[in-house]
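Visitor: First, the structure itself, so that you have it in front of you.
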Amino acid sequence: MAPLFSLLTAVLVFSYGPGGSLGCDLSQDHIQFSKENIALLHRMQRIGSFRCRKDRKNFGLPREMVYGSHIQKDQAITVFHEMLQETFDIFSTEHSSAAWNMTLLHGLLSGLYWQLEDLGTCLLPEMKEAESALGMEDSTLAVKRYFQGIRVYLKEKQYSDCAWEIVRVEIKRAFSLSTKLIEWF
Ligand SMILES: *[C@@H]1O[C@H](CO)[C@@H](O)[C@H](O)[C@H]1NC(C)=O
């Protein structure tokens, strides 16, 4: 993971340059990055999903991650941030670099990293304090549990090509559904 990360940092500095933070002015850039993430996840496909139909699983996407679940803006940022972090963690493992095309994987990780950095500036300390009061911990917990399920599944399937394919499709779907969460920031 360490070498992958250094490479990633190099890619980032190269692609986006320093000081690209836009604070909480999220809408357009995040929607654009999310669209690119979805496009990369789409292009990463290596085997036919149909071949892996026996490995399909319902991971129980939490309703907090889906647009229309009436969560507040602050909560949506927290949920979205958690989703980016968990996705980054899953795809920055050694198992992941063995499974995917490195060019596409680096593109995905760079995009996620940029979003995490940018969104991190929005997670102000006051917001963290307000989290428990607003029950945000519950929604973050739901997202954590969902990704924990994905990690357990990958391990159980011994990181097989089909397991990764199922996970790729699942996360692409999660991104498609949750990108709408940030469209009204
Ligand atoms: C990885 O993807 C890139 C971009 O689509 C492509 O140019 C390259 O040939 C691929 N590499 C492998 C090993 O498939």
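None of the figures in this text is laboratory data; all of them are computed from the coordinates on show. Computed from a predicted model, the values in this text were never measured in an experiment.
Visitor: Quick check: residue separation of K73 and L123 times 0.36 nm, minus the Cα distance between them. What number comes out in nm? Present the calculation step by step, with values, prior to reporting the outcome.
Guide: On the way: separation 50, 0.36 × 50 = 18.00 nm, distance 1.18 nm.
Fully extending the segment from K73 to L123 adds 16.8 nm.
Visitor: For region 47-101, what class follows from the C-alpha gyration tensor (a ≥ b ≥ c being the square roots of its eigenvalues): rounded when a/c is under 1.5, otherwise prolate if a/b is larger than b/c, else oblate?
Guide: Working: a/c = 3.63, a/b = 1.56, b/c = 2.33.
Here region 47-101 falls in the oblate category.
Visitor: Determine ³J(HN,Hα), in whole Hz, for all residues of region 84-97 in sequence, where each value follows from phi through the Karplus function 6.51 cos²θ - 1.76 cosθ + 1.60 and θ = phi - 60°; x replaces Gly and Pro.
Guide: 4, 5, 5, 5, 4, 4, 5, 8, 9, 7, 5, 4, 5, 5
Visitor: Shifting gears a bit: Between S92 and residues 5 or more places away or on another chain, which pairs have amide H atoms under 5 Å apart, with H built 1.01 Å from N, and which residues are they?
Guide: Answer set, sorted by chain and number: none.
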